[in-house]
Amino acid sequence: MTQPTHDPAIVLFDGVCNLCSGAVQFILRNDPEGIFRFASLQSAIGQQLLARHNLPTDIISTIVLIEGGRAYTRSTAALRIARRLRGAWPAAYAAILIPAPLRNLVYGFIARNRYRWFGQTEQCMLPTPAYKQRFLD
């Protein structure tokens, strides 16, 4: 397993999804070094980054991690994020050994049901003043 770098990374997330906003809050709490920056998929910067990485701009059912000049989606993005968090979360990266199509079946099931299970908001989350500088939009 490769060691994660400490270069900044960008997480693009569905800004109106309660599960996704909760995941961003979780990352913020477990990223004391401030490695991750954030933008919603729906924002202008999110749209620009999707286009720059040849991803569909109407994509909202996945988290996107931009790291080392590459874009990762679905379970691969989630696992690559986990490996850079504090605590025991880097151990979750071992799941990268499971073939992506199998991992993404589970990811897709959760993504398809996230609004029903966790709800959604009318607008994107607003960061607290302590974390505002970590958001790109």
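The values are calculated or read from the model by the stated rules, or taken from the named source; none is laboratory data. None of the values given here were measured: they were computed from a predicted structure. Using ideal geometry, Cβ is built from the backbone for each residue, glycine included, and neighbour counts are taken over all protein chains shown. We work out accessible area using only protein heavy atoms, side chains counted, and drop any ligands, DNA or RNA first. Shrake-Rupley method; radii C 1.70, N 1.55, O 1.52, S 1.80 Å.
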Review point. Semi-axes, largest first, in whole Å: what does sqrt of 5 times each Cα gyration tensor eigenvalue give for the chain?
Key: 20, 18, 16
Review point. Spin-label point model (7 Å from Cα, Cβ direction): what's the T128 to A44 distance in nm?
Key: 2.9
**Study point:** Positive minus negative residues near Q42 (Lys, Arg vs Asp, Glu; Cβ under 11 Å)
**Key:** -3
Practice item. With runs of 4+ DSSP H residues as the only contributors, calculate the mean residue ellipticity of the chain at 222 nm using -39,500 (n - 2.57) per run, divided by the residue total and rounded to the nearest 500. Key: -11000 deg cm²/dmol
**Study point:** Solvent-accessible heavy-atom area per residue, rounded to whole Å², over the chain at 1.4 Å
**Key:** 57
Review point. Mind listing P(r) for the stretch 56-107? All alpha-carbon pairs, 10 Å bins, whole percents.
Key: 24, 54, 21, 1
Practice item. Quantify, in whole percent, the carbon and sulfur part of the accessible surface of the chain (1.4 Å probe; protein heavy atoms only). Key: 61
Exercise for review: Taking 7 Å along the Cα-to-C-beta vector as the label spot, tell me the F26-A88 distance in nanometres, rounded to one decimal.
Suggested key: 1.4
Review point. Hey, in the GNM for the chain with a 10 angstrom Cα cutoff, which one of T121, T76, T62 fluctuates hardest?
Key: T121
